[in-house]
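Inspection log for the structure reproduced underneath, given as structure tokens.
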Amino acid sequence: MWLRAGLAAALLAGLAGCESSVDRLRTAICRRTLPALVPADANPRLLSVGRGPAPDSVRLDYLTGHQPHRIVCAFDQGAGLTGLVVDQKAVTGGALYLLRRYYLDTPDAEANDPAGSGPGHPTGSP
């Protein structure tokens with residue numbers, strides 16, 4: 001009996017770990033859209049990243065100057081970016097494809113992650 005309870009607890013912990021790793025990846029992907037969507041000279045400042053308004057979505061709030069902005073990223077069942085809304089304007093079709101293919105799928109996206117410390121980050125190395 002105790003063995004079954006232990007196995008069930010381990011299984012649930014494992015599943016929770018998988019879910020949190022997908023959530024972490026979704027959060028990172030959404031965060032990494034910021035440098036591609038907002039010019040560096042606008043000095044975007046990341047405020048928060050959290051659950052979005054729909055299931056399988058992430059919300060990112062940031063400032064440029066004193067102006068608040070929001071990005072909402074939609075994902076498939078995993079961490080595939082399927083939709084993007086910037087200040088209530090959808091980024092769709094070719095623009096979304098190009099963002100994924102030529103930026104998010106490159107080392108530059110990770111290096112310029114606003115929460116990271118890569119070369120594109122204000123606290124990162126040159």
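The values are calculated or read from the model by the stated rules, or taken from the named source; none is laboratory data. Worth saying up front: this structure is predicted, and the values here are computed from it rather than measured. Quick reminder, even Gly has a Cβ in these numbers, built from the backbone with ideal geometry, and neighbours come from all protein chains shown.
Quick notes on this one:
- Residues in the range 25-60 that are closer than 18 Å to Gln88 by Cα and either exposed (fewer than 14 other Cβ atoms within 10 Å of the Cβ) or free of Cβ contacts under 8 Å to residues at least 12 places away in the same chain (or both): Leu47, Ser48, Gly50, Arg51, Pro53, Ala54, Pro55.
Results for (1) at pLDDT 95 or above; (2) within 16 Å of the chain's Cα centre (by Cα); (3) over 18 Å from Arg24 (Cβ atoms), shown as yes or no for each residue.
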position	(1), (2), (3)
His69	yes, yes, yes
Cys73	yes, yes, no
Asp76	yes, yes, no
Val91	yes, yes, yes
Leu96	yes, yes, yes
Ala115	no, yes, no
Pro122	no, no, yes
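- Selection within the range 64-101: residues that are touching a residue at least 12 places away in the same chain (Cβ under 8 Å) and assigned to a helix (DSSP H, G or I). The member of this set that is surrounded by the most Cβ atoms within 10 Å (Cβ to Cβ) is Leu99.
- Residue match in the range 87-98 (condition: of a type in the set (Asp, Glu), within 14 Å of Pro114 (Cα to Cα) and touching a Lys or Arg at 6+ places or on another chain (Cβ under 8 Å)): no
- Meets criteria (modelled with pLDDT under 95, closer than 20 Å to Gly116 by Cβ and loosely packed, with under 13 Cβ neighbours inside 10 Å) for Ser20: yes
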